[in-house]
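This report concerns only the one structure given below.
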Amino acid sequence: MTAFIEAASPHVMNTYGRVPIALERGQGSRVWDVNGKQYLDALGGIAVNTLGHNHPRLVPALQDQLSKLIHTSNYYHVPGQEQLAAKLVELSGMQNVFFCNSGLEANEAALKIARKFGVDKGIAKPEIVVYEKAFHGRSIATMSATGNPKIHTGFGPLVEGFIRVPVNNIEAIRQATEDNPNVVAVFFETIQGEGGINPMRIEYLQQLRQLCDERGWLMMIDEVQCGMGRTGKWFAHQWAGIVPDVMPLAKGLGSGVPIGAVVAGPKAATVLQPGNHGSTFGGNALAMRAGVETIRIMEEDGLLANAATVGAHLKAALQSALGSLPGVKEVRGQGLMLGVELTTPCGVLVGRAADAGLLISVTADSVIRLVPPLILTTAEADEIVALLAPLVQAFLAE
């Protein structure tokens, strides 16, 4: 009998509250730990593993790229950058792209674009409107734009220049910015991820686009978590029929290979010039191949339609199983980005779900977050509910 392998990382800095399992391999929407236990992956690496695990067309493409070039630096043209940028421009209706390595870096670049946009117009101290419950990253600047006091604690002073408003209230943003000539941009997630799966309403997004046009502001939409097909359109803001001026991307763009991108429209496309910004690893050959192949497979396999259809099925099943329970506040979200909000903190459910063979997360203390791979089937969606519902019911009965 094989000895049980305990999950531990004593030499790794203790920055995560980890579930005590160590994953070893995956196939499709399932993963196995080092002891052979199987899990249904409803977290997808936190909305990263678009194509699931060990995809039969992605893996050979990455192996092919590894045998040619992994990295060269941005002293030289990288053909894959142009290939992926052209595709992102086509899908977004925008103009050009800067490549980096993560959502944090993409958001940091967006903030730099906004500041320089303002300085170029003669504004000495540009200000950016951000939102309550937002999450944009953990660098000093993106943390300052984030609307979670827990993330701020211990890292003051924060970067100044942010005006914080509540979501879905156009009058609140008008009042907060009234007679302020220093405002240069509005920065937000179409659906807040870490903040609890909080969607911006379509009419609010349309009102914001109009306000930005009236005031000459940049509309900057953080699609790091909710983009790349997760809601059933390439980018979640497209449900509102609008186009942003700046759009950070990451997570699902590379199906697990680290990648970030900032897509810019005409108002922002030429703000950054040589010497203003850069990245050593950003846009390297391996990451670009991952992005190109991810989009190709998504198109070939109809994964946007799958996200919409299977996501609607999963949401309805969650609503049916849990929606009427005392202690369940709301089932919300779109496509395969769903949240179940309880009336009490429920972080213990992450470990209990793993024990039951299901990978989930809890965000904003009381919201069960489900962001599985976009290859999820209807049968697997039903399996998620069958595993999760009894755990929630038992938790609420305690």
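The values are calculated or read from the model by the stated rules, or taken from the named source; none is laboratory data. Given the structure is predicted, the values throughout are model-derived calculations rather than measurements. Using ideal geometry, Cβ is built from the backbone for each residue, glycine included, and neighbour counts are taken over all protein chains shown. Just so you know, the surface numbers come from the protein's heavy atoms only, side chains and all, with ligands and any DNA or RNA stripped out. Shrake-Rupley method; radii C 1.70, N 1.55, O 1.52, S 1.80 Å.
Tabulated data for the structure shown
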{"read-out": "Measure of compaction for the chain (Cα Rg per 2.2 N^0.38 Å)", "value": "0.98"}
{"read-out": "Accessible area per residue, Å², the stretch 67-201 with all protein chains present, probe 1.4 Å", "value": "49 Å²"}
{"read-out": "For the stretch 68-76, Karplus couplings with θ = phi - 60° (6.51, -1.76, 1.60), whole Hz, Gly/Pro x", "value": "9, 8, 9, 8, 10, 5, 8, 5, 10"}
{"read-out": "Solvent-accessible area per residue, Å², over the stretch 285-331 with all protein chains present [probe radius 1.4 Å]", "value": "41 Å²"}
{"read-out": "Whole-Hz couplings from phi, Karplus 6.51/-1.76/1.60, listed for the stretch 275-287; x for Gly and Pro", "value": "x, 7, 7, x, 7, 5, 7, x, x, 6, 4, 5, 4"}
{"read-out": "Among ASN180, ASN14, ASN74, residue whose mean-square fluctuation peaks in a GNM of the chain (springs only between Cα atoms under 10 Å)", "value": "ASN14"}
{"read-out": "Integer Hz, Karplus 6.51/-1.76/1.60 couplings in order for the stretch 3-18, x for Gly and Pro", "value": "5, 5, 9, 7, 7, 7, 9, x, 9, 9, 4, 7, 10, 10, x, 8"}
{"read-out": "Proportion of all alpha-carbon pairs of the stretch 120-173 beyond 18 Å (%)", "value": "36 percent"}
{"read-out": "P(r), alpha carbons of the stretch 228-297 - 5 Å bins starting at zero, rounded %", "value": "3, 14, 21, 23, 20, 15, 4, 0"}
{"read-out": "Long-range amide H partners of TYR131 with built H, under 5 Å", "value": "VAL165"}
{"read-out": "Residue-averaged [θ]222 nm for the chain, counting only DSSP H segments that reach four residues, each worth -39500 (n - 2.57)", "value": "-11000 deg cm²/dmol"}
{"read-out": "Percent antiparallel among DSSP beta bridges (both partners in the stretch 139-257, rounded to 5)", "value": "25 percent"}
{"read-out": "Orientation-averaged projected area, Cα convex hull of the stretch 264-398 (nm²)", "value": "11.7 nm²"}
{"read-out": "Principal axis box of the stretch 69-203, alpha-carbon based, largest edge first, Å", "value": "49, 35, 34"}
{"read-out": "Spatial separation of Cα centroids for the stretch 373-398 and the stretch 231-290, in angstrom", "value": "33 Å"}
{"read-out": "Ratio Rg/Rh, restricted to the stretch 138-235 and using Cα atoms, in which Rh is the Kirkwood radius", "value": "0.96"}
{"read-out": "Accessible surface of the chain [probe 1.4 Å, protein heavy atoms]: carbon and sulfur percent", "value": "54 percent"}
{"read-out": "Prolate/oblate/rounded label for the stretch 1-146 (Cα gyration tensor, a/c 1.5)", "value": "oblate"}
{"read-out": "Angstrom value of the Kirkwood radius, inverse mean 1/r, which spans all Cα pairs in the stretch 41-116", "value": "15.2 Å"}
{"read-out": "Segments 162-175, 239-252 sorted - mean Cβ within 10 Å per residue, highest first", "value": "239-252, 162-175"}
